[in-house]
Every structure is written in structure tokens, then in C-alpha cells.
Amino acid sequence: MGTVYVIIVSLVSLLVLSGVFSASETALLSFKNVELEKISAGKTRIYNALRYWLKNPNGILSTILIANNAINILVSSLTTNLIANYYAKDNAVVLSTFLVTIAILIFGEITPKLIAKNYSSQVSRLVISPLTYISRIIYPLVFMLTQTSKIVARIFGLSIVDKEIATVTETDIRSLISVGGEEGVIEKERREMLDGILDFSDLSVSDLVVPRQNVFMLKSTDRISDVFTEIVEKGFSRIPIYKDNIDNIIGALYMKDLIPALKNGKLDSEVTEFMRDISFVPETKTAFSLLKEFKDQKVHIAAVVDEYGGTVGIITIEDILEQIVGDINDEFDKSEINIKQLEENKFLIKASLDIDEINEKTGLNIPENEEYDSLGGFITYLIGRVPNKGEVLHWGNLEIFVKDVDKHAVKYATVKAENIEGEDQEVED
């Protein structure tokens, strides 16, 4: 009987150990870098061990797996020997397999892992030091088995490397922002700003450029006296200057530089007399790098060119910052309608707005396509030309009335949907 008691005590102890190792695996894999920062003040041994785990997880993870498998084998063997004292050998094997499977699932896997998932930080702090110690003791075995695993993986064309655990991903951050917004913890404006910051790294200059047909420019031969009234009406603080054609931008006029001309009565001078140099940037440049360039060079405007050197448009520091903080209106900006609801399912829309923004704000199902980005582009794509003012177009359940056309581009249009809840339709290439 003494032997039976020893076996029973051993089985209980092994099941506890199995649960500890399973809990350790779940807790450490759930441990986040933000939790590490909470214990960084003391720079303790636990902090250093957890930091090492996040950067080099394979060693300790292999230790956990080896220990857990060894324990499970021992549990199965001891249980079989115990039951064999009371049942025939064949029956003992079947019964022990059933009992061991149930016991390991409940006490060695499910229960400890659920606990560890909810208390990952606390469990990680408790187990990291012992696991580090055990890992060093059985390092030769861990090393041999790890190398063997790498060889097997290479046979199948795979590789095993000790990658640092991605403790906080962009997806995690976006999910937190989304949940925070839905629960009211994060205000709408702040949520939009945070989303803008995350999206910012993916933006290029081509995503933000103001197309050249929408840019107010001055000819190099223009005199201040001839264009001053128009300059004031437009309200821009920086205006590109071109020579011969708009593909040949040679500089920019800063409104503040005209103050001496007003004081000294030099309004008959050509705009080039007050012209400053302008930077040229490729449309493939990232918005982040351009913002840094603007900051370093203390400039606020640049001309955007394509791969052939042709002018695509212009971009300002304001265009970039608006992607993060939203629309910025200064004292010179005139109030301009972007989207105005006229009646149910009918909207007056600025044609330069992106289709996805229009659909999000209105619920209209205007089709998207790689051939265009804006409502104006959609209209032009539909009929293959610039429409005339007052022209009416139809697509699916949408009726589009071209309200205003400016310089070969649609400026405003009204869009009416007969059934706003209708299915999306696609425009074929």
C-alpha cells in the first residue's frame, strides 16, 4: 500500500507541475511590453529576465515544452502501473489512457491556462526566474532538440529563428482606439486624430497633393497691381509662380513679402521681384519624410512632380497636418461647403472629395474604382469627358446633377439616391 500512496502523491505532484508549466506558457506568450514598463523602475532581476524572454523566447519556450511532455509521459506511465495492480493489463492501458487524458486536460491544460490568461502579468513574474534557472540547467538538451527541429524545418523549406515577440501591434492599438470610441472613453475628435496618426505612416505625397488644375498660380510676367485684387480674394498666403506653362514652376510668392510693396507703392513690380525659391518633391515621397523636410528647412510649400518632371500639383505643410488633426481653417479661409444635405437621400457635394469619405458621411453607395478617387473623377469617368454645368447623369439608383464646373473640372454636384439602403454597385474597368 505504501507504494500506492507514493505513486498517488507523485501523480498529484506531476499534475500540479504540468499545470504550472502550461500556465507559464500561456502567461508568457500573453505578456505585453506595456506590462514590462510597469516594473522597469527597479530594473530588478525579474525585469531583466522578462525583457530577455521578449527578445529571445525560443529557449524558455522549448524548456516549457520539454518539461511538460516529460511530465505527461511520466503521468501516463505511473497511472498505467497503478491501475495494472487491480485490472488486467489490456484493460489497465485503456482505463489509464482515459483517466490521464481527462486529468491532464482539466488540471494540466484548460484550468491553468484560463487562469494564466487572466493573470498573465502576475504569473509571468512568478515563473520567469525559475524557468530561466531550469533552462540553464537543461540547456544542452534544449540546444540539441532545438537544432534538430531547425534541421527538420529546413527539410520542408521552412526556417526557425528566435524572433522578438511583437508585444504590441498596430492592430492592437487600432482595436483599443475603436473600442474606446464605441464605449465613449475616447471622444470622436480624439479618435479621428489617433486614427490619422496611425494612417499617416502609410501616406505618400501623391495621396495629399492638390492637383494642378485646382491650384491658383501666377505668371512670372504678372504685375502686382494687375493681380493684387485676385490675390486678396483667393486668400492664399503662398502662391506658386510659373514661367511659360504650369509645368515650369519657378518659385512662390509669399503674401507677407508684399507688405513692403504696399508701403513703398511698388505695386507695378512683377511678381518675380518678390519671389522665393520653391522646393520640388517627387509624388512617391512619404508624407512623414516631407513633413520632417519642411520642419528642417523651415518652408511650408513644395511643388510635386511626377517621374517625368511634369507638375502634378502642390503640397503644403497644412495639407499634411490636416491628415492628423483634421481641417485647419485660418483667418483667410472662406467657409466652403463640403457636404450639405438638401433633403432625404439628396446631398450637395464638393466634387473634389474622396468617394470613401462621401459614402461614409452620407451613406450613398457611390462605386469606387482604381481609375478615380473623387466624385468629380467618377462623373468624368462615367461619360468620358468633362460634363457641362446643369448636366444630369444616372448610375444605378443615383441621380447626379452637375451644379458647377470650374476650369475643366466639376466643382459641385448634387447626388440623390432613390434607395440609399440598396446594394453597392461596381464600375467595371
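The values are calculated or read from the model by the stated rules, or taken from the named source; none is laboratory data. A quick note: this is a predicted structure, and the numbers were derived from the prediction, not measured. Because the Cβ atoms are built from the backbone with ideal geometry, glycine has one as well, and the counts that use them run over all protein chains shown.
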Kindly evaluate residue 70 against the criterion of being farther than 16 Å from residue 30 by Cα and at pLDDT 90 or above.
yes
When residue 231 is run through (1) assigned to a helix (DSSP H, G or I); (2) crowded, with 16+ Cβ neighbours inside 10 Å; (3) aliphatic (A, V, I, L, M); (4) touching a residue at least 40 places away in the same chain (Cβ under 8 Å), the failure sits at (4)
For the stretch 281-317 the number of residues that are within 28 Å of the chain's Cα centre (by Cα) and either assigned to a strand (DSSP E or B) or under 18 Å from residue 213 (Cβ atoms) (or both) is 15
Taking the criterion of being without any contact (Cβ under 8 Å) to a residue 12 or more places away in the chain and within 18 Å of residue 251 (Cα to Cα), would at least one residue in the stretch 279-290 satisfy it? no
When residue 267 is run through (1) in contact (Cβ under 8 Å) with a residue 12 or more places away in the chain; (2) assigned to a helix (DSSP H, G or I), the failure sits at (2)
Over the stretch 335-354, the set of residues surrounded by 11 or more Cβ atoms within 10 Å (Cβ to Cβ) and among the small types (Gly, Ala, Ser) is 351, 352
Of the residues in the stretch 93-114 that are touching a helix residue (DSSP H, G or I) at 6+ places or on another chain (Cβ under 6 Å) and over 19 Å from residue 80 (Cβ atoms), the one that is surrounded by the most Cβ atoms within 10 Å (Cβ to Cβ) is 112
Flagged in the stretch 406-429 as aliphatic (A, V, I, L, M) and at pLDDT below 85, in numbering order, are 409, 420, 427
